[in-house]
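Let me begin by presenting the structure, written as structure tokens, before commenting on it.
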Amino acid sequence: NAGDDGSAATSNPFEVQIVDNFVEVTGIDFADTGLEPTPGQGEDKNKYTYTIPKVDKDIDFNLGSARILPANATANLTQNRVQWTSTPGSSIDAEIATLNNNVLKVPGYTTGGTVTLTARVADGLGEKQDYVATLTLTIPHGTGQKPVTPGTGDTTGSGTSSASEEANTFDLPQPSED
């Protein structure tokens, strides 16, 4: 039956409308990580920088606690996670910091330096388009004590001792069996 207004009648009263509710990632919230980086501006908005004020003991920064912004971004994805890696073409000197399972560890005895990490949110900008940002940390020289490798007096971790350390070692006499 045609309607009086000239429209065609349909036997299916349901109309399907596809709506794209995808919300792309625009940034990273570091509130739960222990860091308070400053985002860049304009074209550099995905470049975050932070200077750690002081290192006097081992510090762990759980970058896995970073959240995507806005909070409803990528709501249709199964993983709303930020994956952290050292920036391609660079490495992290273990005397400055280490990155393992999204946890950045800065030893209290760090030599200090700059570490640049890459954050990636899979499909954060759309299908097969990842959101990518960088985090550059300036780490001051640590004032903490470097641990001694047991049995060597070695603080380099190499397991070797210097001649002066060896000169200060001696064998204790064994107790007699009398």
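Among the residues of the range 56-67, which ones are under 8 Å from PRO107 (Cα atoms) and buried (at least 17 other Cβ atoms within 10 Å of the Cβ)?
ILE59
For residues in the range 9-50 being among the aliphatic types (A, V, I, L, M) and open to solvent by less than 60 Å² (accessible area, probe 1.4 Å), which is modelled with the lowest pLDDT?
VAL23
Residues being crowded, with 18+ Cβ neighbours inside 10 Å, of a type in the set (S, T, N, Q) and in contact with a helix residue (DSSP H, G or I) (Cβ under 9 Å, 6 or more places away or on another chain): count how many of those fall in the range 98-155.
1
Just one of the numbered conditions (1) surrounded by 12 or more Cβ atoms within 10 Å (Cβ to Cβ); (2) modelled with pLDDT of 85 or more is not true of PRO53; which one?
Result: PRO53 fails condition (1) only.
The values are calculated or read from the model by the stated rules, or taken from the named source; none is laboratory data. Please read these numbers as outputs of a predicted model, since none were measured by experiment. A quick note on method: Cβ atoms are made from the backbone with ideal geometry, for glycine too, and the neighbour counts reach across all protein chains shown. In case anyone asks, the SASA skips ligands and DNA or RNA and just uses the protein heavy atoms, side chains included. Shrake-Rupley method; radii C 1.70, N 1.55, O 1.52, S 1.80 Å.
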